[in-house]
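Q: My structure is below; once you've seen it, I'll send some questions.
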Amino acid sequence: MDTRPIGVFDSGLGGLTGLAALRRLLPGEDFVFFGDTARVPYGARDRDTLVRFARQDVAFLRTFAPKAILVSCGTVSANALDVLQEENDLPIYGVIDAAARAAAAGTRRGKVGVIATEASIRSGAFQGAIAAQSPTLEVTAQACPRFVPLVESGHFLPGDSLARQAALEYLEPVRRAGVDTLVLGCTHYPLLANLISEVMGPAVTLIDVGAVTAQAMAGELKGRGLLAERAQGSCRYFVSGPTQTFADLASTFLGEPVDRVEQVDIERY
């Protein structure tokens, strides 16, 4: 039995999709979530800045002595995961590899789409990981820079016109490519999953990177004997920006009250 918490971080609200998946799979675990909402979005940042931010995010979570950390952020996973894993002596999981395996296994015609932030697409990490599964796969990648700001400002509810306009614009190239599987390469994007599915059509399978990574992570932690093995754990929430805005949106997404959110000066780490 290992009762140390699991750390989870993201640039903002989107990381809750990975956290929620882990909590469903591992209800007995304690979790510490950090959203870097004062510096969101990460998607247009250069790699050096992303590495600096990621190091600070991990340094904060390490104050809780976690047994593992989930980088619930496609942008950081694509640009800084290798640095984090090299510099830290605990398991740190990104969201790319499990998503690549799921996409390769799920595609019927060998045509896979990836939508993600500008920094993720520019890195080529998702494209490379998917292609590595099979050289015959055809990968179409598309950056969606407005999706994260839309989600962070609450534009992810059904019928939102701004989100729909952005989705129609961004998804047209992957629709034209005829993909049958679409990787939602940013953990913010599952909050727009219904809209994305509506635009892409029912024949296209969506891959939620946070959900498939949570499944892989849960299995590995169990195999390492790192689970708490108790009935009910807890979750603490920390952000670098205003707490009430995050609490309101997080409560809406999670479908449960998020009453206590603490603010962190991330530049101290």
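The values are calculated or read from the model by the stated rules, or taken from the named source; none is laboratory data. Since the model is a prediction, treat every value here as computed from it, not as a measurement. All Cβ positions, glycine included, derive from the backbone under ideal geometry; neighbour counts span all protein chains shown. The accessibility values were calculated without ligands, DNA or RNA, using every heavy atom of the protein model including side chains. Shrake-Rupley method; radii C 1.70, N 1.55, O 1.52, S 1.80 Å.
Q: Mind telling me which of PRO27, PRO145, PRO135 comes out most flexible in a GNM of the chain, alpha-carbon contacts under 10 Å?
A: PRO135
Q: Provide the packing ranking of 116-128, 257-269, 82-94, i.e. peptides ordered by the mean count of other C-beta atoms within 10 Å per residue, highest first.
A: Working: 116-128: 22.4, 257-269: 13.2, 82-94: 16.5.
Descending mean neighbour count gives 116-128, 82-94, 257-269.
Q: Here's another thing I want to ask about it. How are the Cα pair distances of segment 102-198 distributed, in percent, across 5 Å bins from 0?
A: 2, 14, 26, 24, 18, 10, 5, 1
Q: Still on this structure, please answer the following. What is the Å³ per residue value for the convex hull set by the Cα atoms of segment 1-139?
A: Convex hull of Cα atoms, per residue: 116 Å³.
Q: From the helices alone, meaning DSSP H stretches of at least four residues, give me the mean residue ellipticity at 222 nm for the chain, per-run term -39500 (n - 2.57), in deg cm²/dmol to the nearest 500. Display every interim value, and only then the final one.
A: Values: 12 runs with 121 residues, N = 269.
The helix-only estimate for the chain comes to -13000 deg cm²/dmol at 222 nm.
Q: Let me ask you something else. With bins 10 Å wide starting at 0, give me the P(r) of segment 152-211 over every alpha carbon pair, in whole percents.
A: Spelled out bin by bin, segment 152-211 gives 22, 58, 19, 0 percent.
Q: Another one. Could you tell me what a quarter of the Cα convex hull surface of segment 91-147 works out to, in nm² with one decimal place?
A: Numbers: hull surface 17.4 nm².
Taking the Cα atoms of segment 91-147, their convex hull projects to 4.3 nm² on average.
Q: Quick check: pseudo-label points 7 Å beyond the Cα along Cα→Cβ at ARG164 and GLN232, how many nm apart are they?
A: Placing both labels 7 Å along Cα→Cβ, they lie 4.1 nm apart.
Q: Considering only protein heavy atoms, what per residue accessible area in square angstrom results for the chain with a 1.4 angstrom probe? Intermediate values should be presented prior to the final figure.
A: On the way: 11190 Å² over 269 residues.
Averaged over the residues of the chain, the accessible area is 42 Å².
Q: Heavy atoms only, probe 1.4 Å: what % of the accessible area of segment 1-58 goes to carbon and sulfur, would you let me know?
A: On the way: 890 of 1850 Å².
Percent of accessible area from carbon and sulfur atoms in segment 1-58: 48.
Q: 7 Å from Cα along Cα→Cβ at both ASP48 and LEU157: what's the point-to-point distance in nm?
A: 4.3 nm
Q: Something else about it: Given a 1.4 Å probe and heavy atoms of the protein chains only, how would you sort ARG23, ARG55, ARG108, largest accessible area at the top? Present the calculation step by step, with values, prior to reporting the outcome.
A: Details: ARG23 70, ARG55 110, ARG108 140 Å².
Output order, biggest surface exposure first: ARG108, ARG55, ARG23.
Q: Shifting gears a bit: Sum up the charges of everything whose Cβ sits under 11 Å from the Cβ of ASN88, counting Lys and Arg as +1 and Asp and Glu as -1, but leave ASN88 out. Let's see the in-between values first.
A: Details: positive: ARG55, ARG62; negative: GLU86, GLU87, ASP89.
Combined, the nearby Lys, Arg, Asp and Glu give -1.
Q: For segment 75-177, which whole percent of the accessible surface, found with a 1.4 angstrom probe, sits on carbon and sulfur atoms?
A: Values: 2280 of 4660 Å².
Roughly 49 percent, rounded to a whole number.
Q: Mean shadow of the chain, computed from the convex hull of its alpha carbons, in nm²?
A: Working: hull surface 52.9 nm².
Its average projected convex-hull area is 13.2 nm².
Q: Let me understand segment 117-257 better: what is its radius of gyration from the alpha carbons, and its Dmax, in angstrom?
A: 17.4, 49
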